[in-house]
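Some notes on the structure that comes next.
Laboratory data are not the source of any read-out in this text; all were calculated from the coordinates shown. Treat the numbers as computed from the prediction; the structure is a model and nothing was measured. Cβ sites come from the backbone with ideal geometry, for glycine too, and all protein chains shown count toward neighbours.
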Amino acid sequence: MRTLKRYTQTWPLDRPFVIARGASTSIDVIRVEIHQDGHVGTGESKPTPRYGHSVESVLEDIDEVSLAIEQGIDRQALLERLPAGPARNALDCALWSLECALEGVTPTARLGPPIGQEIVTAHTISIASPEDMAEAARKELAQGARLLKIKLNDEQVVERVHAVREAAPDVRLIIDANEAWAPEHVEQYCYALASLNVEMIEQPLPAGDDAMLADFSHPVSLCADESCHTRADVAHLKGRYEMINIKLDKSGGLTEALAMVEAAHEHGMAIMVGCMLGTSMAMRAALPVAARASIVDLDGPIWLSDDDTPALDYRNGWVRETRSP
Ligand SMILES: [Mg+2]
């Protein structure tokens, strides 16, 4: 017999996180525990208002299937019962974690990466003045960052990236515009940022309004984030983007995320794995996708004042799993 528990937590950030859509100083997450035969599977998700989700809506979605979960439905059945999104993510990850605990292993023992493998993760620079972003970049470099992700809106695009590039001449740079660029600016920004040795640009245009990306040859790889939630989205993104950003809160869990990896590879597209911020519990669940990704952006816990899951170690610009309970 299984029992399901779900609860919410608020985690303060240790500095404001500013992107094109707004700023946050704390995050609300939903955690799920599924208990069976003395074992427990855990999952965590974070609702994003951009996709119409709130703490309340996620709890309602979880409650809708709680009886079915307690009666023993599996991950495949869950894909049919709930749409992609944070509620299914927390439940799917808890089912993976329980399934593996019952076998005496962990999801990463089954799917990779190996315990202790160092995976370079992006460190995010949030939106501020060019000078402040350059200063933030210097701080991240001092902590060992090897890959910086610069958040942008449609203002001071080249100035901001130029300032960070001057502060960090040798580091790998990627950009996230979070849908904020005007269509008439995209091509010129792409060429200007290519000359600053930017290696990838995430979601320049609004999801659903990105068809023009197929109209010019990209000097920098483009990555679909807000435009790509599940495997069903992948085929029509080919030609507009070279890469997709898989986040478990969008895909609705690891099961769908692994299917997205296959779909992307079938279409010749590369994989990025990202996060909506969150504790190490949520990042650890995404590690099997990180093992299959060419860009990893799982720096959520670095933004928190505190983190209660000591299974991950962040230092020198990488993340690694440190133990296998
Ligand atoms: Mg993004």
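One table, with the values for the structure above:
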quantity: Considering residues of region 202-215 that are more than 16 Å from the ligand (Cβ to nearest atom) and of a type in the set (A, V, I, L, M, F, W, C) only, the residue farthest from ILE244 (Cα to Cα); calculated: MET212
quantity: Output for region 242-256, where each listed residue is of a type in the set (Val, Ile, Thr) and away from the ligand (no atom under 12 Å from the Cβ); calculated: THR255
quantity: Helices (runs of 4 or more DSSP H) enclosed by region 18-133 - at least 1 residues per element that are polar (S, T, N, Q) and within 18 Å of the chain's Cα centre (by Cα); calculated: 86-102, 107-111
quantity: Test: residue in region 218-241 that is in contact (Cβ under 8 Å) with a residue 60 or more places away in the chain, more than 14 Å from the ligand (Cβ to nearest atom), buried (at least 16 other Cβ atoms within 10 Å of the Cβ) and under 18 Å from the mean Cα position of the chain (by Cα); calculated: yes
quantity: Hits in region 120-134 (condition: buried (at least 17 other Cβ atoms within 10 Å of the Cβ), within 15 Å of LEU152 (Cβ to Cβ) and not polar (S, T, N, Q)); calculated: ALA122, ILE125, ILE127, PRO130, MET133, ALA134
quantity: Inter-residue pairs, beta-carbon under 7 Å, first touching a residue at least 24 places away in the same chain (Cβ under 8 Å) and in region 255-269, second of a type in the set (Gly, Ala, Ser), 6+ apart; calculated: GLU256/ALA84; ALA257/SER251; MET260/SER251; HIS267/ALA235
quantity: Residue satisfying condition, being touching a Phe, Trp or Tyr at 6+ places or on another chain (Cβ under 7 Å), closer than 24 Å to ARG15 by Cα and surrounded by fewer than 23 Cβ atoms within 10 Å (Cβ to Cβ), within set LEU277, LEU304; calculated: LEU304
quantity: Residue selected from region 146-201 under the condition within 16 Å of the ligand (Cβ to nearest atom) and small (Gly, Ala, Ser), by the criterion nearest to ALA224 (Cα to Cα); calculated: ALA177
quantity: Residues located in region 270-325, provided they are among the β-branched types (Val, Ile, Thr), within 16 Å of the chain's Cα centre (by Cα) and under 19 Å from LEU111 (Cβ atoms); calculated: ILE271, VAL273, VAL289, ILE295, VAL296, VAL319
